[in-house]
Amino acid sequence: MTPTLMHLPWRRPEHFADRPFVSDVSRALTYAEFAEWVEAAAEQFADRGVGPGSVVAVMLPNRVELLVCLAAAWRVGAAATPINHAFTAYEADFQINDADAALVVGSDEATPTAGRPVLLVDDLQRLSRGTLAQPQTAPADLALLVYTSGTTGQPKGVMLDHANLDAMSAMLAERLVLGPDDRCLLFLPLFHSNAIFVSFLTPARVGAQTQIMERFTVGGFFETVDEFRPTYFSAVPTIYSMLVSSPGTADFGSVRFGVCGAAPVSEELLIATEERFGFGLVEGYGLTEGSCASCVNPVDGVRKLGTVGPAMPGQEVAIMSPEGELLPAGERGEVVIRGANVMVGYLQRPDESAATIRDGWLHTGDVGILDEDGYLRIVDRIKDLIIRGGENIYPKEIEVVISGHPGVLEVAVVGLPDPTYGEKVVAHVVAYPDVDITVDALLQRCRDHLTKVKVPAEVHVVGALPKNPVGKIDKPSLRRQALDLDDRSN
């Protein structure tokens with residue numbers, strides 16, 4: 001058995017020793033201090049029966065201790081499943097039970113436990129007794145159970161092993177050109193793979209430093225940028241929209257780039273962010289089922305706006321027809337992914353695992369096109385396809401046109417039932433603060449840029465769009481809300 005934890009720098013503190021590693025509003029740790037705390041917490045876990053094959057559920061807001069608990073679980077050969085700190089007891093109990101957690105680490109006595117043993121975060125030991133044997137973790141041992149958002153049904157536990165963690169962090173370090181002098185500002189939620197990989201495991205791998213914000217606020221972000229002087233951070237389009245529309249600012253002279261992912265972003269927002277703050281955004285694309293990222297525009301190289309960049313090092317990204325044929329550049333089809341980053345499968349869901357990973361290819365459910373240089377453009381989600389009178393309509397194409405209006409902050413297009421055409425196109429638009437936009441202006445823009453069948457039957461200017469816990473627009477919820485509104489108006 002070949003140990004794999006040695007690729008994690010806190011297992012080798014002599015390589016970085018007193019270098020700053022991770023901090024939040026309460027504390028700052030060097031690599032050696034983090035390693036000591038992980039060892040002590042792992043001993044506590046072992047005292048409570050946690051060992052190889054166990055799962056530790058961690059339900060904490062963004063803070064240093066959350067990372068300590070993830071690493072402590074790995075230290076004793078267990079897996080970790082991070083839980084959204086804002087979950088209700090019903091939601092948290094589902095994940096705890098589905099993962100069959102042996103231990104729950106929580107903030108206080110109100111933490112949902114589903115009847116499992118609990119360890120409160122304030123009771124975590126800091127000093128190791130030196131009682132644990134050396135880890136003997138194999139690459140195929142389960143490391144993370146990251147649960148999907150559940151917007152298309154019951155949440156599923158995505159199984160990522162140590163080989164996935166090793167591969168994904170190495171791929172990101174190479175594509176983002178990260179080194180020990182980098183400083184990452186982490187504010188995305190740590191129950192999601194983006195923050196775990198882009199802002200924790202990857203900077204840790206190269207000896208860089210991470211500053212944790214418990215949650216994102218515009219004012220807090222600007223203040224922390226001034227104080228911490230990050231070289232990069234990762235965010236979703238909604239956050240960049242909020243920053244661009246804010247009158248506040250900070251000194252971004254230290255920032256080499258920002259990563260933008262988790263949801264489609266308009267070219268207008270990418271350009272506006274760079275013009276406003278002076279750093280470029282590298283748009284990326286990936287799924288939890290692919291560990292984190294499969295395509296990212298290069299930091300030092302050609303960034304093609306409107307694409308999510310070429311495949312990550314060590315991955316294959318291809319376009320496949322419904323018949324399973326790999327298609328040439330320029331052809332539209334399903335995006336499929338192959339590489340050491342692809343998940344083991346869904347926990348206790350063999351049929352869904354087999355349907356998602358076929359012949360070694362991870363089927364994403366996304367429609368895309370590869371250009372001659374291998375840059376991927378996402379067209380839409382297969383399940384979001386609108387069929388109107390026999391015509392296939394991709395909502396993202398309409399969203400791109402509407403988002404080109406300077407007053408549009410966010411837009412989501414969905415299909416609703418129509419008695420004549422089967423489905424009708426309905427757009428929901430959020431304006432920038434203090435900006436007036438009219439439905440007529442948006443419809444005219446659509447008529448100017450789209451064929452008649454793609455022009456929305458309805459445009460609604462709304463105050464906000466429903467979001468899932470990661471910040472993506474929740475289209476299933478939006479459809480349900482729109483259907484309820486349709487029913488009440490008929």
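Here, each number is a calculation from the coordinates, and none is a lab measurement. The shown structure was predicted, so the numbers you read here are calculated from the model rather than taken from an experiment. Please note: Cβ atoms are built from the backbone with ideal geometry, for glycine as well, and neighbour counts cover all protein chains shown.
Restrict the search to region 113-188; then list the trypsin sites (Lys or Arg not before Pro) that DSSP places in a loop and that have at most 12 other Cβ atoms within 10 Å of their Cβ.
ARG126, ARG129
May I ask what percent, to the nearest 5, of DSSP beta bridges between residues of the chain are antiparallel?
Antiparallel bridges: around 60 percent, rounded to the nearest 5.
What is the set of long-range amide H partners of LYS156 at a cut-off below 5 Å, with H atoms built 1.01 Å from backbone N?
Excluding prolines and chain starts, which carry no amide H, the hits are THR148, GLY150.
Report the gain in length on full extension from LEU132 to ALA329: 0.36 nm times residue separation, minus Cα-Cα distance, nm rounded to one decimal.
That pair, LEU132 and ALA329, stretches by 65.6 nm at full extension.
For a footprinting-style exposure proxy, rank THR451, THR420 by other Cβ within 10 Å, fewest first.
THR420, THR451
May I ask you to compute the full-extension gain from GLU275 to ALA32, defined as 0.36 nm times their residue separation minus their alpha-carbon distance, rounded to one decimal in nm?
83.5 nm
How big is the dipole moment of region 5-376 about its Cα centre under a simple scheme where the beta carbon of each Lys and Arg is +1, that of each Asp and Glu is -1, and everything else is neutral? Debye, nearest 20, please.
So the magnitude is around 560 debye.
Calculate for the chain the 222 nm mean residue ellipticity that helices alone would give, adding -39,500 (n - 2.57) per DSSP H run of length 4 or more and normalising by residue count, nearest 500 deg cm²/dmol.
Mean residue ellipticity at 222 nm (helix-derived): -8500 deg cm²/dmol.
For LYS304, give me every one of the lysines with a C-alpha distance below 20 angstrom, ignoring sequence neighbours fewer than eight places off in its own chain.
Hits, sequence-local ones excluded: LYS396.
Name the GluC sites (Glu not before Pro) in region 280-326 that are in a loop by DSSP and that have at most 12 other C-beta atoms within 10 Å, would you?
Taking region 280-326 and a limit of 12 other Cβ atoms within 10 Å, the loop GluC sites (Glu not before Pro) found are GLU323, GLU325.
With only alpha-carbon atoms counted, please give the Rg and Dmax of region 385-489, in Å.
13.3, 40
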